[in-house]
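Below is one structure, written out as structure tokens; comments come after it.
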Amino acid sequence: MNAEPRSELKCIDCCKVFSDAAVNRCGCGGLLDVVVDIDFLKEKISRELFDSRLGSTKFPYMSGVWRFHELVNPLIREENIVSRSEGNTFLYTHPKISEYTQIKNISLKHEGENPTGSFKDRGMTSGISAAKHLGKDTVACASTGNTSASMAAYASLAGMNSVVFIPEGMIAFGKLSQALAYGARVLQIKGNFDDAMALVQASANELGMYLLNSINPWRIEGQKTIMFELIQQLGWNPPDWVIVPAGNLGNTSAFGKAFCELYDLGLIDKIPRIGSIQASGANPFYNTWKNHLKKLEAVEKPDTIATAIRIGDPVSWQKALRAIKHTNGVVEEVTDQEIMDAKATVDSSGIGCEPASAASVAGAKKLLDAGVIDSKEKVICIITGNILKDPDATINYHLSKLLDITSRFNNPPTLIEPTLAAVRKEIT
Ligand SMILES: *Cc1c(COP(=O)(O)O)cnc(C)c1O
Ligand SMILES: [Zn+2]
């Protein structure tokens with residue numbers, strides 16, 4: 001018997017196999033998948049093994065990513081793991097959310113509770129640990145904000161240099177401030193996210209930087225654990241639906257891969273359906289799926305208040321399409337008005353999220369209205385980012401200052417004289 005699992009990367013287009021874990025893209029241009037050695041791992045892992053690590057204070061099992069070490073990167077040694085105890089994020093239910101979506105059994109998994117405030121930390125602990133394992137000293141990414149915040153933090157923690165490429169003036173302040181503060185070299189590109197993405201891919205190899213965008217297959221391996229952890233939280237009983245905001249499509253891809261692996265490993269006996277939700281101003285994946293296009297047609301000028309999903313040319317669309325097909329999933333789009341209405345509902349439930357995250361809740365409501373989701377089904381919405389990431393969007397909503405958005409559920413402050421009488425007049 002082999003002492004170690006096979007570890008290979010495989011091109012999703014031409015099926016070429018690579019044993020070098022540092023390769024990010026096939027010569028043919030295709031994206032790479034990490035091949036998980038199901039037969040080997042089947043003997044090593046079980047629900048009981050993962051349950052025995054729950055609540056552990058021991059490194060690295062205290063992390064909701066590394067609790068699933070064998071399924072993330074089995075060859076990586078403990079001394080190369082760079083972790084901030086990711087995951088272990090809460091599942092919220094609230095009558096307001098059920099009433100809003102008309103789905104009784106709906107829960108929100110809050111990935112904004114990760115160390116830097118978004119799910120990106122799950123892929124980043126995996127990506128930076130791979131970088132350390134491979135002996136890299138400089139990492140780079142293009143980002144709408146959260147990837148750069150996360151990469152900057154993990155790189156500094158690991159003693160690496162980081163370079164982030166961000167679109168000029170289209171990044172939420174919470175995210176930009178994190179990237180600067182955590183010590184990344186920040187390059188603002190005179191262009192949008194898609195321009196930044198093209199530029200970082202063109203310059204990373206040339207300048208010896210290890211690329212940590214979600215085309216990096218190890219990032220996807222970390223993001224699978226959102227689903228591993230969810231299924232474990234549910235006592236290994238899969239829900240009917242998982243609804244997720246969709247931008248560059250790393251999560252949609254990772255969730256599909258996670259479900260296939262759990263199923264093949266015998267850890268679940270049913271595969272949940274994925275609902276992948278785009279903003280209608282940045283909806284190339286929705287168009288591709290709805291119109292059965294063979295190839296993704298990029299949206300030239302993506303536009304949405306949800307900056308985290310303001311992406312016109314998503315890099316992982318093929319993997320994501322495969323995930324939708326494998327899970328009998330659907331793709332939907334929601335308007336900025338629907339996103340901000342849903343956000344106000346999530347926020348005023350005491351849960352809170354950044355605009356892009358609310359696309360999942362808005363999408364669940366829309367799929368219920370369309371008769372795709374049944375009101376009795378069990379639905380999980382992924383909340384991707386923390387409410388503090390984009391205070392401008394929140395404040396301007398409550399002050400009714402957002403262009404083309406009706407602040408239907410706003411809660412503006414009231415200015416009063418500093419007298420008891422004035423307070424009495426307000427509080428009645
Ligand atoms: C990155 C991000 C997304 C988009 O996720 P993809 O995997 O790129 O589809 C959505 N919401 C938030 C808050 C994000 O940071
Ligand atoms: Zn190839």
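The values are calculated or read from the model by the stated rules, or taken from the named source; none is laboratory data. Only a predicted model underlies this, so the values are computations on that prediction, with no experimental measurement involved. Using ideal geometry, Cβ is built from the backbone for each residue, glycine included, and neighbour counts are taken over all protein chains shown. SASA here: full protein model, heavy atoms, side chains in, ligands and nucleic acids out. Shrake-Rupley method; radii C 1.70, N 1.55, O 1.52, S 1.80 Å.
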Taking N as the number of residues in the stretch 1-109, what is its Cα Rg relative to 2.2 N^0.38 Å? 1.43
Just to confirm a number: summing +1 for Lys and Arg and -1 for Asp and Glu over residues other than Ser19 whose beta-carbon lies under 10 angstrom from that of Ser19, what do you get? -1
Under a 1.4 Å probe, what is the accessible area of the stretch 61-114 per residue, stated in Å²? 39 Å²
Taking Rh as the Kirkwood radius computed over C-alpha pairs, what is the Stokes-Einstein D of the chain at 10 °C in a medium of viscosity 1.306 mPa s, expressed in µm² per second? 73 µm²/s
The rounded separation in angstrom of the Cα centers of the stretch 220-249 and the stretch 150-195 is 26 Å
Once the mean 1/r over all distinct Cα pairs of the stretch 111-243 is inverted, what Kirkwood radius in angstroms do you read off? 15.1 Å
Once Lys and Arg are counted +1 and Asp and Glu -1 for all other residues with Cβ under 15 Å from that of Arg53, the total becomes -2
Name the GluC sites (Glu not before Pro) in the stretch 1-102 that are in a loop by DSSP and that have at most 14 other C-beta atoms within 10 Å, would you? Glu43
What is the P(r) of the stretch 288-343, as percent of Cα-Cα pairs per 5 Å bin from 0? 4, 15, 23, 25, 18, 13, 1
D (µm²/s, integer) via Stokes-Einstein for the stretch 338-428, Kirkwood Rh across alpha-carbon pairs, 10 °C, 1.306 mPa s: value 106 µm²/s
Counting only protein heavy atoms with a 1.4 Å probe and every protein chain in place, the carbon and sulfur fraction of the accessible surface of the chain in whole percent equals 51 percent
Using a Gaussian network model of the chain whose springs link C-alpha atoms within less than 10 Å, name the residue from His292, His133, His398 with the highest mean-square fluctuation. His292
In Å, the Kirkwood estimate of hydrodynamic radius for the stretch 214-267 over Cα pairs equals 11.5 Å
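Taking 30 Å as the cut-off for C-alpha to C-alpha distance, list the pairs among Lys44/Lys319; Lys58/Lys319; Lys16/Lys365; Lys365/Lys401 that go past it.
Lys58/Lys319; Lys16/Lys365
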